[in-house]
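Report on one structure; see the data block that follows.
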Amino acid sequence: MTDQIDKALEREYEAGFVSDVESDTFEPGLDENVIRRISTMKNEPEWMLEARLKAFKVWQEMEEPDWAHVDYEKIDFQAISYFSAPKSMKDKPKSLDEVDPELIRTYEKLGIPLIEQQMLAGVAVDAVFDSVSVVTTFREKLSEAGVIFCPISEAIQNHPELVKKYLGSVVPTKDNYYAALNCAVFTDGSFVYIPKGTRCPMELSTYFRINEQNTGQFERTLIIADEGSHVSYLEGCTAPQRDENQLHAAVVELVALDDAEIKYSTVQNWYPGDENGKGGIYNFVTKRGICHTNAKISWTQVETGSAVTWKYPSCVLKGDNSVGEFYSVALTRGAQQADTGTKMIHLGKNTKSTIISKGISAGRSNNSYRGLVRMNPGADGARNFTQCDSLLIGDQCGAHTFPYVESRNPSAIVEHEATTSKVSDDQMFLCQQRGLDPEKAVSMIVNGFCKEVFKELPMEFAVEAGKLLEISLEGSVG
Amino acid sequence: MSNTNTKDTSSLLTIKDLHASVEEKNILKGLNLEVKPGEVHAIMGPNGAGKSTMGYVLSGREGYSVEQGSAVLDGVDILDLEAEERARAGLFLAFQYPVEIPGVSNLEFLKASVDAQREARGEEAVSSADFLKLAKAACKQVNLPLAFLKRGVNEGFSGGEKKRNEIMQMLLLQPKVCILDETDSGLDIDALQVVAEGVNSQRSNDRSFVVVTHYQRLLDYIKPDFVHVLADGKIVKSGDASLALELEAQGYAWLQPSDEEGQNA
């Protein structure tokens, strides 16, 4: 039966093509000069460059962390190129008509039409290609509602007061090794500002694409939901199939001011490397949000790609009655490794957090949940509920759970439930006996296992995520 | 009393000299059985005789190897087919211990199964709305609340509910040959009646049943045309419904073959 499941898990990575786009790419290497050049390319004000250079100094004094349950060759940071942009983007196309059709085709192939008429109604897209944003759709419509949705490189120029106030306010430069690196060399990502009392009229989304060889992508995203506002945001990520590893080191900061709500969903499908672990993206990401009074941040992630994932979308529940949620599906197969989870830091009174994590391991992969729930002394009446389920497929993979609970307040309540199960021969046989082929059977069993998380995704994307999982599990056998 | 004396091509299931083993242990040692359309055959026998193995071998469960013999279902030799292909050919096995599939709703599972079988026959998929009607009717027929369609497959079901759920699947899949593997085990009288009514409602001239059971009780509700005793991997005695009563009274010991010619069919 294991053979059959393995076969069912063989898949082709459908996003693995390379776009034929002429790019300006920096020579590999990292020093102050490279950082100055990035800043110049982005036409940045002096204060931003200073912040970058400061971060670079901080980073140089830090050590690469090794506590995660992952194993990979040390990254040679001098062998990476830190900036790559399609040549056609140099003249800053004013409208979609001026954008290189090859870029538009790339996104179309990925199922993300950038021509507004063809798009999913109600979803605005920022398309980030290597180190630049290619296009951001529906900007006019959004600005009518006062919503700012633009590449962060533009926000630095056009909305410096907001950027200065909030960039680095949730994830400080010194937070960790990759965050510090990101502060020094970040290139593009999205910036969102939702004004007071506004419900963002559309879903916002960003699609990250790595195309150029030997480049790293250093995404930086900042979302600010002002008092009483509401926004739902989704990011997707893909990359070509290449034999060498590539680094994606992102920092995402969310600020939910009083009574605001941010729903942040990720469908991560970076190239996972081949069966033997050759190639694939290193996805080393810092994501954190801060909740002020009565605010709510909800992270939902579907992680199916990347060779190595190191990612803990977290919530700092600063304000009283604020709520943090984390819903995660992480699928690893082949030789993939994932160490992912969340941190819920309860500072305010009556703060609540929910963690639902579903890890699926197949092949020879390793899948770890790592989570921290901290109840600080001021967190009177705080509550956390954690449910952590692992599903094993086959007998060569690993599922690990590393929950950390720190309670410094006697009135706080922390609950943790964990299960480990496997796709059993009995389940497979039942499905087949009813006429389902093994591929459909595995995909159905896995989808069932993930149901609680999928129902948290925005409707438009729940279907997409289900399909992605199906593609992930689809075999080449008929 | 023999049903193996004809070479009738109208036979729906023909098992000939079937030898099969699990983990290198011979379990079936020359099983012969012929089931014609519309017939109900009961298979009884002592523990370890190979009754469940028969169901698994016929339905293609992994880990069971066939050493010898053949099994033909409605003209199709099924022993070389994958499990799902046998199901699509019209073979249904009602499990003794139905397994749970958490998070996959019964309805979704049933629809996927029916669609897969229809697709294999080159038929169009049933629309969701039409399927829901069919599923609701089947659910009512086995006396399960409609909420069970939305619940995960067998998730948190009681033993009786699981068995009724098996019958619901059978009703929707409309197989040619149904093997019921001790479907009566662990059932109270009410559930037993529901199961039996489900089976009886499906009895027709083009569908046959092989009912594996330990107890004569089930056969009060599902009247068999033939009763066979399976012992040590083969049929050692066949008769009509009265044989079941005889077994109930006397047990199996008198039938155990001491050697090869112990057969009395």
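Which of rounded, prolate or oblate describes region A:60-153 when judged by the alpha-carbon gyration tensor and an a/c cut-off of 1.5?
On the way: a/c = 2.21, a/b = 1.90, b/c = 1.16.
Prolate is the answer for region A:60-153, as a/c is 1.5 or above and a/b outweighs b/c.
Which ³J(HN,Hα) values in Hz, rounded to whole numbers, follow from the phi angles of region A:289-301 under the Karplus curve 6.51 cos²θ - 1.76 cosθ + 1.60, where θ = phi - 60° and Gly and Pro get x?
After applying 6.51 cos²θ - 1.76 cosθ + 1.60, I find x, 10, 10, 8, 3, 6, 8, 9, 10, 10, 9, 10, 10 Hz.
Can you compute the FRET efficiency between A:LYS164 and B:LYS140 using 1/(1 + (r/R0)^6), with r the Cβ-Cβ distance and R0 = 56 Å? Round to the nearest 0.05. Don't jump to the answer; show the numbers that get you there.
Values: r = 66 Å, r/R0 = 1.18.
Calculated transfer efficiency: 0.25.
Compute the convex hull volume of the Cα atoms of region A:346-457, divide it by the residue count, and report the result per residue in Å³ as a whole number.
Details: hull volume 12.2 nm³, N = 112.
Value for region A:346-457: 109 Å³ per residue.
What is the angle, in °, between the Cα long axis of helix B:159-173 and the longest principal axis of the Cα atoms in chain B? Nearest 10 is fine, range 0 to 90.
The answer is roughly 80 degrees.
Contact order normalised by length for region A:1-113, with contacts defined as Cα pairs under 8 Å and 6 or more residues apart; what percent is it? Each step should come with its number before you reach the end.
Numbers: 62 pairs, mean separation 49.6, N = 113.
Across region A:1-113, relative contact order equals 44 percent.
Taking θ as phi - 60°, what are the ³J(HN,Hα) couplings along region A:145-161 by the Karplus curve (6.51, -1.76, 1.60), each to the nearest whole Hz, with x for Gly and Pro?
3J(HN,Hα) across region A:145-161, in whole Hz: 8, x, 7, 9, 9, 7, x, 5, 5, 6, 4, 4, 7, 9, 10, x, 5.
Give a quick list of trypsin sites (Lys or Arg not before Pro) in region B:80-168 that DSSP marks as loop, anything other than H, G, I, E or B, with at most 16 other Cβ atoms within 10 Å. Don't skip to the answer; put the middle values down first.
Numbers: sites: B:ARG86, B:ARG88, B:LYS111, B:ARG118, B:ARG121, B:LYS133, B:LYS136, B:LYS140, B:LYS150, B:ARG151, B:LYS162, B:LYS163, B:ARG164; in loops: B:ARG121, B:LYS150, B:ARG151.
When the trypsin sites (Lys or Arg not before Pro) of region B:80-168 are filtered for loop state and at most 16 Cβ neighbours within 10 Å, B:ARG121, B:LYS150 remain.
Amide H to amide H, which residues 5 or more places from A:LYS287 or on other chains are under 5 Å from it, using H placed in the peptide plane?
A:VAL252, A:TYR312, A:SER314
Mind running the shape call on region A:94-220? Use the C-alpha gyration tensor, a ≥ b ≥ c as the square roots of the eigenvalues: rounded below 1.5 for a/c, prolate if a/b tops b/c, oblate otherwise.
Details: a/c = 2.14, a/b = 1.16, b/c = 1.85.
Verdict is oblate for region A:94-220.
Let me know the shape class of chain A, please: from the alpha-carbon gyration tensor, a ≥ b ≥ c as square roots of the eigenvalues, rounded when a/c is under 1.5, otherwise prolate if a/b is greater than b/c, or oblate.
Note, shape of chain A comes out rounded.
Enumerate by residue number the GluC sites (Glu not before Pro) in region B:22-51 meeting two conditions: DSSP loop (anything except H, G, I, E, B), and at most 14 other Cβ atoms within 10 Å of the site's Cβ.
Numbers: sites: B:GLU23, B:GLU24, B:GLU34, B:GLU39; in loops: B:GLU23, B:GLU24, B:GLU39.
Passing both the DSSP loop test and the Cβ count: B:GLU23, B:GLU24.
Taking each residue of B:231-241 in turn, how many C-beta atoms of other protein chains fall within 10 Å of its C-beta, and what is the average?
Working: counts 0, 0, 0, 0, 0, 0, 0, 0, 0, 0, 0.
Partner-chain Cβ atoms within 10 Å, mean over residues of B:231-241: 0.
Just the number, please: percent antiparallel of the DSSP beta bridges in chain A, rounded to the nearest 5. Each step should come with its number before you reach the end.
Working: 11 of 138 bridges.
Looking only at bridges with both residues in chain A, the antiparallel portion is about 10 percent.
Suppose only helical runs count, i.e. DSSP H with n ≥ 4. What mean residue ellipticity at 222 nm does that imply for chain B under -39500 (n - 2.57) per run, divided by all residues and rounded to the nearest 500 deg cm²/dmol? If you can, show how the numbers build up before the last one.
On the way: 8 runs with 89 residues, N = 265.
Rounded to the nearest 500, the figure is -10000 deg cm²/dmol.
Give a residue-ordered list of calculated ³J(HN,Hα) values for region B:55-62 (Karplus: 6.51 cos²θ - 1.76 cosθ + 1.60, θ = phi - 60°; whole Hz; x for Gly, Pro).
x, 5, 5, 5, 8, x, 5, 5
Arrange the following residues from fewest to most other Cβ atoms within 10 Å of their Cβ: A:SER361, B:SER65, A:SER205. Kindly include the intermediate steps, with their values, before the conclusion.
Working: A:SER361 28, B:SER65 12, A:SER205 25.
Going from sparsest to densest Cβ surroundings: B:SER65, A:SER205, A:SER361.
By how many degrees, between 0 and 90 and to the nearest 10, does the Cα long axis of helix B:106-120 differ from the longest principal axis of chain B?
Roughly 70 degrees between the two axes.
Between the DSSP loop rule and a limit of at most 14 other Cβ atoms within 10 Å, which trypsin sites (Lys or Arg not before Pro) in region A:12-98 are left?
Values: sites: A:ARG36, A:ARG37, A:LYS42, A:ARG52, A:LYS54, A:LYS57, A:LYS74, A:LYS87, A:LYS90, A:LYS94; in loops: A:LYS42, A:LYS74, A:LYS90, A:LYS94.
Hits after loop and neighbour filter: A:LYS74, A:LYS90, A:LYS94.
Sequence-distant or interchain residues sharing an amide H contact under 5 Å with A:CYS237, placed H: which?
A:PHE208, A:VAL267, A:ASN269
Starting from the Cα of A:ARG408, step 7 Å along the direction of its Cβ; do the same at A:GLU32; then give the gap between the two resulting points in nm.
With each label point 7 Å from Cα toward Cβ, the separation is 3.8 nm.
I'd like the mean, over residues of B:112-121, of how many other protein chain beta carbons sit within 10 Å of each residue's own Cβ. Intermediate results must be reported in sequence, preceding the final value.
Numbers: counts 8, 8, 2, 3, 8, 3, 1, 1, 2, 0.
Mean inter-chain Cβ contacts per residue within 10 Å come to 4.
Search the structure for amide H atoms under 5 Å from the amide H of A:ASN211, placed 1.01 Å from N in the peptide plane, and list their residues when 5 or more places away or on another chain.
When sequence neighbours closer than 5 places are left aside, the close amide H contacts are A:ASP130.
Can you give the angle from 0 to 90° between the axis of helix B:189-202 and the longest principal axis of chain B, with both taken from C-alpha atoms, to the nearest 10?
90
Hey, fewest Cβ within 10 Å first, where do A:CYS431, A:CYS183 land in order? Numbers along the way, then the final one.
Details: A:CYS431 29, A:CYS183 25.
In order of increasing Cβ crowding within 10 Å: A:CYS183, A:CYS431.
Counting each DSSP H run of 4 or more residues in chain A as -39500 (n - 2.57), what helix-only mean residue ellipticity at 222 nm follows after dividing by all residues, to the nearest 500 deg cm²/dmol?
Result for chain A: -7000 deg cm²/dmol, rounded to the nearest 500.
Quick note: the coordinates plus some simple rules give every number you see, no bench work behind them. Note that the structure is a prediction, hence the values are computed from the model and not measured. With ideal geometry, Cβ positions are generated from the backbone for all residues, glycine too; neighbour counts draw on all protein chains shown.
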